[in-house]
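The values are calculated or read from the model by the stated rules, or taken from the named source; none is laboratory data. All figures in this text were calculated on a predicted structure; none of them were measured in a lab. No Cβ is skipped: glycine too gets one built from the backbone with ideal geometry, and neighbour counts run over all protein chains shown. The protein model used for the area step is the full one, side chains on, heavy atoms only, and it has no ligands, DNA or RNA in it. Shrake-Rupley method; radii C 1.70, N 1.55, O 1.52, S 1.80 Å.
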Amino acid sequence: MTSSTLTGDAPPRHFLTGFMLLGILAGTSNGVAKVVFPLYAAAMHAAPWQIGLVGGLQFAGMLLLSLPLGALIDRHGSRPLFRFGCLGGIALFLVGFSFATTPWQLIACVVLFGFVNPFRMVTTQTEFLHLLPRIGAARAGWQRAAHSAGMFFLGPLLGAWLVGLVGYPETFRVVAAGLFVTLLIGERVLSSAPAGQGADATPLVGRVLDQFRLIGSRVDLRRTMLVEFVGQVAMSYFTVFVILVAIRRFGMPTQQAAGLVTLQGAAFVLTLLAAGAVVMAWRERTRYRTAFAILLCAELLLANPLHQGALWAGALLLGLGLGIQQLTCVAQFARLAQELGRGRTGGMFSLAGPSGALVGAVLGGILNQYFGMLAGFHVLALLFFVQLARTWLPVRRAPEAGAGAGASADQNVEKKVATGP
């Protein structure tokens, strides 16, 4: 692969394949951890709110570091930051999680992991957004699909199987090995990513403040970030608590209960991979209305599971609705990346999702503690009803002056993202 692969001459197909392979490996490692963390906390007799912390604090670092990492990418490039994130994760799984014996030790390791994981996630998401205008919006969900295939399909199955076979410490060591392979692949995939600007880049503090000003001034940016935020709240709450609901309410075996996460992830991945060409032909408002209506139905089923079949149906609809929503959000962020810059937009894209994941797990744990495990699904049903209702309100357009390219240039960028090369 040469530098031209990302910058103009060679077809981007080889890099797209590399990003998908990287996404599968990274997602599988994250998926094993995502399922095993709450189960390990429950095995330690952690309180429900502590389980919520274990499920959500892995996203705290992403919440704090997404915007600074966008500036660091502009200055240093993605590759060295990705390398640091992989090596830090390997060290934590080998010498941290593998030796944790109390809920608070596990929580401390999760917090540390939350501060190294963004170095992997933000860099790969940013470079994919940079690549997307050349491959077209129909493929907007492919990188997320690859990551989600690992996180919600392969990871949960592998995690539940490994815990039963070798126990928790050995499972964490397997995750460390997976991160090492991810490092090797990532070194290759990111080898020709654009280099950083070095001393010519805007200073870190100035760039972060600029990103906050941009969020405050752009209605379209805030709207897309909010949609991404609520979607990740729903996904996080489901992933952390649906297994416990299935086990405690319906007596499902652990591996069967983990299949709910797998089903949701499979529906999400298949939607991202197969539905892009159809869904992206719809008007944006139609895509959002369809997604929110499906998500509302999913949450109502999960909030009132009279039979375990309601959990399976809710998982399927949740994956479908989030897939349609994600296709729209990724295309919007890719358009903004062309207008506003890859590092700046990549940081804001990486801020919206993980902040929702953090809220979904942590506040979900508090709701669980005081109102029961189904309370979060009731709240999410209300949120999606509000979002669906808002799609019938007039859309305010953000003023473009001073925000980047002019109106005509912005239209050209949007057309380029939609059609590809």
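Quick notes on this structure:
- Unmet requirement for F268, which otherwise passes all of (1) out of contact with any Ser or Thr (no Cβ under 7 Å at 6 or more places or on another chain); (2) among the aromatic types (F, W, Y); (3) open to solvent by less than 10 Å² (accessible area, probe 1.4 Å): (1)
- A Cβ distance below 6 Å, combined with a sequence gap of six or more or placement on separate chains, defines the contacts here; from segment 334-362, residues that are at pLDDT below 70 reach residues that are of a type in the set (D, E, K, R) and in a helix (DSSP H, G or I) in the pairs G343/D74.
- Yes/no for A160 being under 20 Å from V240 (Cβ atoms), assigned by the TED database to the domain that holds G31, more than 15 Å from the chain's Cα centre (by Cα) and open to solvent by 30 Å² or more (accessible area, probe 1.4 Å): no
- Scope segment 272-292; condition modelled with pLDDT of 80 or more and open to solvent by less than 10 Å² (accessible area, probe 1.4 Å); matching residues: L272, A291, F292
- If you go through segment 169-213 and keep only what is among the small types (G, A, S) and at pLDDT 85 or above, you end up with A176, A177, G178.
- So T102, is it at pLDDT 80 or above and open to solvent by less than 50 Å² (accessible area, probe 1.4 Å): no
- Cβ-Cβ contacts under 7 Å between residues 6 or more apart (or on different chains), taken from a first residue in segment 279-291 that is over 19 Å from W142 (Cα atoms) to a second residue that is assigned to a loop (DSSP other than H, G, I, E, B) and open to solvent by 50 Å² or more (accessible area, probe 1.4 Å), are absent.
- Pairs with Cβ under 6 Å, 6+ apart, first in segment 169-197 and open to solvent by less than 60 Å² (accessible area, probe 1.4 Å), second assigned to a loop (DSSP other than H, G, I, E, B) and at pLDDT below 90: S192/M1; S192/S3
- Among residues that are among the β-branched types (V, I, T) and buried (at least 17 other Cβ atoms within 10 Å of the Cβ), V261 is included.
- For P68: the one exception among (1) touching a residue at least 60 places away in the same chain (Cβ under 8 Å); (2) closer than 19 Å to A26 by Cβ; (3) open to solvent by less than 40 Å² (accessible area, probe 1.4 Å): (2)
- Among the residues of segment 227-245, none qualifies, meaning not one is free of Cβ contacts under 8 Å to residues at least 12 places away in the same chain and either open to solvent by less than 10 Å² (accessible area, probe 1.4 Å) or not assigned by the TED database to the domain that holds R144 (or both).
- Residue count for segment 22-49, restricted to those that are assigned to a helix (DSSP H, G or I) and open to solvent by less than 20 Å² (accessible area, probe 1.4 Å): 15
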